[in-house]
Amino acid sequence: MMFFQDTRSVGLIFWIVVGLLLLNGAVAFVNIFLDGFVDLPDEITDVQTYCLLMGIGSLVSALIYAKNAHRVMSKRLTKAEVLRGYVLTVGLCVLIGGIFEGLAIHLCVNDPITGMVVTAASIVVGIIVALMSLTITGRRKGLLTKAVWFLLVIAFILMAIDALVPAETWWEFVNNVAHLLIAFFMIAFIADIEIRREMGVGV
């Protein structure tokens, strides 16, 4: 099947994620002016600021995803390069999105400590994931690259399982479809002999 053989095909899936993030950001901005447009937790004390920060976080993440999607579709990349770009994109989105989310919780919810924890955790996880991407196409192969390969396999399997959980809203349904497709592609990529050779796994 040529669709699954061409690495640029996964760029279409990345654009779906871009659309979802843009939609999420747009809904957040609309709720600034139309309070009650979407249901929000009762503990939020400043709806406008909360939606503004969450909307900005979604839009910035969408731009990061869009840059990666354009790169994948405009260039003929190896599977390892596609995987590396995606993992780096996830790391950056976790880092930036988490900072905005943590700030929103810290400023607009009656639980500032949780906001600080979310921000700190997002920074740590985002940096770790971004650094993991550097090992995918690096020249050095060893225990570290094998550990990263194993962690990525587990992460994509969990992504696929989570995407199969029944959705309660249309947004969740579309989000599940997008992430299921991404997980399918990434599992296929990471199991490919080209990737395993790059990371020194089973070859």
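The values are calculated or read from the model by the stated rules, or taken from the named source; none is laboratory data. The model shown is predicted, which means the values in this text are computed figures rather than measured ones. SASA here: full protein model, heavy atoms, side chains in, ligands and nucleic acids out. Shrake-Rupley method; radii C 1.70, N 1.55, O 1.52, S 1.80 Å.
Excluding ligands, DNA and RNA, the accessible surface per residue across the chain is 55 Å² with a 1.4 Å probe. Taking all protein chains as they are arranged and a probe of 1.4 Å, the heavy atoms of F150 leave approximately 120 Å² accessible to solvent. Across the chain, Cα-Cα pairs farther apart than 23 Å form 49% of the total.
For the residues L152, L143, L40, L107, a 1.4 Å probe over the protein chains yields an accessible-area ranking, largest first, of L143, L107, L40, L152.
Once ligands and nucleic acids are excluded and a 1.4 Å probe is used, how much of D162 is accessible, expressed in Å² to the nearest 10? That residue has around 100 Å² of solvent-accessible surface. Measuring only protein heavy atoms, the 1.4 Å probe finds R71 accessible over about 80 Å².
Keeping the other protein chains in place, figure out the carbon and sulfur percent of the accessible area of the chain, with a 1.4 Å probe. Carbon with sulfur: 70 percent of the solvent-accessible area.
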